[in-house]
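The values are calculated or read from the model by the stated rules, or taken from the named source; none is laboratory data. This is a predicted model, so every value here is computed, not measured. A quick note on method: Cβ atoms are made from the backbone with ideal geometry, for glycine too, and the neighbour counts reach across all protein chains shown. Ligands, DNA and RNA are stripped out before the accessible areas are found, and what is left, the full protein with its side chains, is counted by its heavy atoms. Shrake-Rupley method; radii C 1.70, N 1.55, O 1.52, S 1.80 Å.
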Amino acid sequence: MSERHLKLKAELAAFIPAERLIDDKLRTIAYGTDASFYRMIPKLVVRVVSEDEVSQLLQLAHQYQTPVTFRAAGTSLSGQAVTDSVLAVMEGNAWRDYRIHNGGERISLQPGIVGSQANLYLAPLGRKIGPDPASINTAKIGGIAANNASGMCCGVADNSYQTLESMRIILADGSVLDTGNEQSKRKFAESHKPLLDSIQKMAESVQSNPELAARIRHKYKIKNTTGYSLNALVDFSDPIDTLQHLLIGSEGTLGFISQITYRTVAEHPYKASSLVFFPDVATACEAVVILKGQPVDAVEIMDRAALRSVEDKPGMPAELAGLSETAAALLIETRAADKDHLIQHIDSIQMSLDSAITIGEVSFTNVPEKFEALWKIRKGLFPSVGAVRASGTAVVIEDIAFPLESLAAGTVELQQMFVRHGYDNSIIFGHALEGNLHFVITPDFSDAIEVKRYHDFMDELCHMVVDKYDGSLKAEHSTGRNMAPYVEMEWGHDAYSLMQQIKQIFDPQNLLNPGVILNNDPEVHVKNLKPMPATDPAIDSCIECGFCEPICPSRNLSLTPRQRIVILREISRLQAGGEDASHLLSEFKWQGEETCAADGLCATRCPVGIDTGAKIKSLRADNAGKTSQRVAFFADKHMGAITGITRGMLATVNGISRVTGPGFIEAISGGMTKLSSGRLPKWDRWMPRGASALKPHQSIGKNKLSVVYFPSCVSRSMGTASDDPEQRDLQQVIFSLLEKAGIDVVIPEGLNDLCCGLPFASKGLVDAAEQALQRTEAALWEASCQGSLPVLCDTSPCTERMVQNFSQEIKLQEPVEFILEHVLPHLKQVHTLDSMVLHITCSSRKMGLADKFLQLAQSCAKEVILPEEEGCCGFAGDRGFTHPELNGAALANLKKQIPAGCKNGYSNSRTCEIGLSRHSGIPFRSIAYLIDQCYEAAE
Ligand SMILES: Cc1cc2nc3c(=O)[nH]c(=O)nc-3n(C[C@H](O)[C@H](O)[C@H](O)COP(=O)(O)OP(=O)(O)OC[C@H]3O[C@@H](n4cnc5c(N)ncnc54)[C@H](O)[C@@H]3O)c2cc1C
Ligand code: SF4
Ligand code: SF4
């Protein structure tokens, strides 16, 4: 680290705790990536939590002349969220306040809120935010506004620029302006008169130059995020209005957005879609011109190469494979406030396309499954290229726009360019209604010839888009480093010098994200290219998009899935070059390996299907020593004894706590945990009582239906929490439910020795895990009369493992599915809770049961609270006992989301429930308890 960075860090340490000042090798490399194909390793990462911290950071940056780059979710594609200086990352649990105004007409959002979360807040009011990037499930408000991101529906009318009401901004000198507050504006007008005067002068000079003003207006008729938002200079007369609109799309180069108030847009509930085929891409583009005047909300274009990339995937319409070599498609969506208007829209669109040359009829569907199937084609395009590309290659998604009347000619010319430059597998898709095309190429930047090819391609592309068609070089992904060399080419000298003046006025020292948007280096777009070395086929297809990050339980503690992959790649790169990777390897042990819950939830968000948890488990297997394996085999062999001992120990501690009160035991246990350096798990009032032992049991013949009940080893040993007024074990509750529903129970022979092997598998002890699994499968096969009886397992993660790995056809269900299918039809509801918290386990999500889980809970309570951004709770089997910090970090936001009157939480995994109780302060139990409380036998 340079001397100025060291001094800056020392000053920051006076008010920012050490854990939020990161400068170690491993984590600076981990933070050196965003979703672009650039990598820059920061000297210092500061995880900021408040306006005050950002303000002081900027003042110190000024004092030490040290550049600062802001980061929200790091999903940018043009290299604007990376730096080799100071990276100010918004801490995950901070910057998440929001306020809804006027029944949802406006919403104030802090910049750390994920875009889709903002829409969840607005959904009950029939509203949403205007900007709709495809990355909305991950991208945060700060990044969405600072990139002026947009997507399929928002066009040029509903982006951040057009829907901005007001903003809180921290300027380069650390001062704060709230444009929604008159007093703040007055104060700012006094303290920053020269800045406002300069802005006003610029705006007046542009507005009095009709040619320049007309050019600027013209450029924003189509999507444009190249350079600064110059339209702010023609659209407003009040300099504060101009200032706040200049911040939109400024990519962190003019100031920090600490709050934004948007005017929201209507979210119409009725929608229908149609996939229309055309003989060639030019004909499709001509149809877009017709559709522009129609009540359409989205028109997505896909060229033949794009359609071909998905035609073999499951669920794709058969026509795709039969299309000619030149064909293209438009996916059209229309929305309406009611059914009648939807029908009118469809009629109007169909009539308008009578004059177009289409292949087949234009028919719409509003049937959810068919509708989803159509959009699956469009959504599958980018992953299809990303997942099958050669290892070691990057994924480059470009983002240009043509005026609509030139879309046909521009698209054809683009296809010809791919052929000329040898980009054979490139695909074109995009938001045709706005003339916005994305295309994907996959160059190998470790090869200098490939870098030159990309360079030449970009030169030709930019000349074609600008000189021939007066288009936009970045329609929605923003300039970054990628398009910085071409900003002047697109805008011309006069407009470009306006942009230079803007930067000079806001950031005279050039300390805010320097080199982004404006850059004098004509080669900046081919420098700092990200290395993508081959590591392991299981993760090589990672495009470092970051979509997996929001649900990872370790994201605020150690590394995210993306960062784990970044480090594994770096280790491979070093090792391939004969360099020393030992430091990274040893740091990765805790950061990457031990603090991964290995739940695999990341795979559910990954566009190319990577399960980072599986990769970590395979690393654990590689590293598992012989002793661990011997211990695992021993444990498996003595499973009955171990569950018995666990039961006994828990019962003993619980007994003592009943006599002494829980505080006494908690204190002693805390001390023991410290003395053992964390090896002895800490006992607290949320630890379970010992469960009562279950005897072999068979009751076939009494009722019509018989089921096999397999209580997991966890529920056989752990009862409810010591502090929970409910004292019955889960097994007793399951028996009660089965009896109410009139279902006979079979308990498998040798139950005490059975385990699905999950505790071993998650530690990479695969042989012992497999042995346990096979024994359990054999016992359940036998008990279920060779698969003819359903089997209920009371623990979701165990059920998932068995469903995935059993070789025989055994109908296994966890409580949610089992209760819905077999129990509820025989019961009547007698009680409803006012409110409850629901935690849907990762395994339930992965088994596709999230909606059913919610539906079941909602049948029992007037209000079901689903904690936001809840993914994995981080307890991870028994990891919560050995690494409680992971559980603590994952659930840090839980308690404040639970309203005062809410007294009960439900889930379907006992160990997860321990952590959930501990971090919420209310008991969490299996959903079976809730059903037992709310339902009685029908007769
Ligand atoms: C697969 C994929 C699909 C995508 N699809 C789209 C799409 O359809 N449309 C689209 O527009 N984009 C798309 N993107 C690009 C990107 O996701 C969006 O631009 C997104 O809005 C960036 O948000 P973020 O939270 O990741 O911001 P980041 O990448 O973290 O930051 C974006 C910029 O904003 C600055 N910044 C961050 N926070 C602040 C703040 N509080 N104040 C000031 N500056 C700040 C950063 O310095 C950076 O320059 C896609 C990306 C991927 C990987
Ligand atoms: S693992 Fe998947 S979701 Fe995560 S960064 Fe890589 S490609 Fe994106
Ligand atoms: S398995 Fe879980 S903890 Fe591990 S990287 Fe994936 S989401 Fe994160």
> If we scan the stretch 500-510, do we find a residue that is in a loop (DSSP other than H, G, I, E, B), within 24 Å of Val46 (Cβ to Cβ) and touching a Phe, Trp or Tyr at 6+ places or on another chain (Cβ under 9 Å)?
Replying inline: no
> Is there a residue being modelled with pLDDT of 95 or more, part of a loop (DSSP other than H, G, I, E, B) and over 33 Å from the mean Cα position of the chain (by Cα) anywhere in the stretch 472-488?
Replying inline: no
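Here is a yes/no grid of residues against (1) on the phi < 0 side of the Ramachandran plot; (2) within 16 Å of ligand 1 (Cβ to nearest atom); (3) not hydrophobic (A, V, I, L, M, F, W, C):
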{"site": "Ser391", "(1), (2), (3)": "yes, no, yes"}
{"site": "Asn436", "(1), (2), (3)": "yes, yes, yes"}
{"site": "Glu450", "(1), (2), (3)": "yes, no, yes"}
{"site": "Phe457", "(1), (2), (3)": "yes, no, no"}
{"site": "Val465", "(1), (2), (3)": "yes, no, no"}
>> Residues to consider are Leu568, Leu557, Leu584; find the one that is closer than 30 Å to Gly888 by Cβ, away from ligand 2 (no atom under 15 Å from the Cβ) and in contact with a Ser or Thr (Cβ under 9 Å, 6 or more places away or on another chain).
In response: Leu557
> Do you know which residues across the stretch 38-62 are under 21 Å from Gly480 (Cβ atoms), open to solvent by 10 Å² or more (accessible area, probe 1.4 Å) and within 13 Å of ligand 1 (Cβ to nearest atom)?
Replying inline: Met40
> Listed residues Asn147, Asn119; which is away from ligand 2 (no atom under 16 Å from the Cβ) and open to solvent by less than 30 Å² (accessible area, probe 1.4 Å)?
Replying inline: Asn147
> How many residues does the stretch 1-41 hold that are among the basic types (Lys, Arg) and under 24 Å from the mean Cα position of the chain (by Cα)?
Replying inline: 3
>> Checking the condition within 16 Å of ligand 3 (Cβ to nearest atom), open to solvent by less than 10 Å² (accessible area, probe 1.4 Å) and not in a helix (DSSP H, G or I), which residue from Gly871, Gly877 passes?
In response: Gly871
> Can you name the residue in the stretch 614-641 that is without any contact (Cβ under 8 Å) to a residue 24 or more places away in the chain and part of a helix (DSSP H, G or I) and is also farthest from ligand 1 (Cβ to nearest atom) among such residues?
Replying inline: Ala641
> Pick from Asp241, Asp312: which is outside any loop (DSSP other than H, G, I, E, B), more than 22 Å from Glu413 (Cβ to Cβ) and either in contact with a Pro (Cβ under 7 Å, 6 or more places away or on another chain) or not hydrophobic (A, V, I, L, M, F, W, C) (or both)?
Replying inline: Asp241
> Any idea which residue in the stretch 694-717 is modelled with the lowest pLDDT, counting only those that are of a type in the set (D, E, K, R) and open to solvent by 10 Å² or more (accessible area, probe 1.4 Å)?
Replying inline: Lys695
> Do we have Asn510 as open to solvent by 30 Å² or more (accessible area, probe 1.4 Å) and at positive phi here?
Replying inline: yes
> Does Ser926 qualify as being touching a Lys or Arg at 6+ places or on another chain (Cβ under 8 Å) and either over 25 Å from Pro711 (Cα atoms) or within 16 Å of ligand 1 (Cβ to nearest atom) (or both)?
Replying inline: no
> Is it fair to say Asp536 is touching a residue at least 24 places away in the same chain (Cβ under 8 Å) and away from ligand 1 (no atom under 16 Å from the Cβ)?
Replying inline: yes
> Counting only residues that are open to solvent by 10 Å² or more (accessible area, probe 1.4 Å) and in a helix (DSSP H, G or I), which one in the stretch 718-733 is nearest to Gln774 (Cα to Cα)?
Replying inline: Leu730
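One line per residue, one yes/no per condition, for (1) at pLDDT 95 or above; (2) buried (at least 21 other Cβ atoms within 10 Å of the Cβ); (3) assigned to a helix (DSSP H, G or I):
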site	(1), (2), (3)
Gln183	yes, no, yes
Ile199	yes, yes, yes
Glu204	yes, no, yes
Thr225	yes, yes, no
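A quick yes/no check of all residues on (1) of a type in the set (D, E, K, R); (2) under 27 Å from Phe547 (Cα atoms); (3) surrounded by fewer than 19 Cβ atoms within 10 Å (Cβ to Cβ):
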| site | (1), (2), (3) |
| --- | --- |
| Lys140 | yes, yes, no |
| Cys154 | no, yes, no |
| Gln162 | no, yes, no |
| Leu177 | no, no, no |
| Ala189 | no, no, yes |
| Ala214 | no, no, yes |
> Among the residues of the stretch 386-435, which ones are open to solvent by 10 Å² or more (accessible area, probe 1.4 Å), part of a loop (DSSP other than H, G, I, E, B) and in contact with a Lys or Arg (Cβ under 9 Å, 6 or more places away or on another chain)?
Replying inline: Val395, Pro403, Gly422, Tyr423, Asn425
>> Quick check on this structure: which one of Ser784, Ser762 is touching a Pro at 6+ places or on another chain (Cβ under 8 Å), buried (at least 23 other Cβ atoms within 10 Å of the Cβ) and among the polar types (S, T, N, Q)?
In response: Ser784
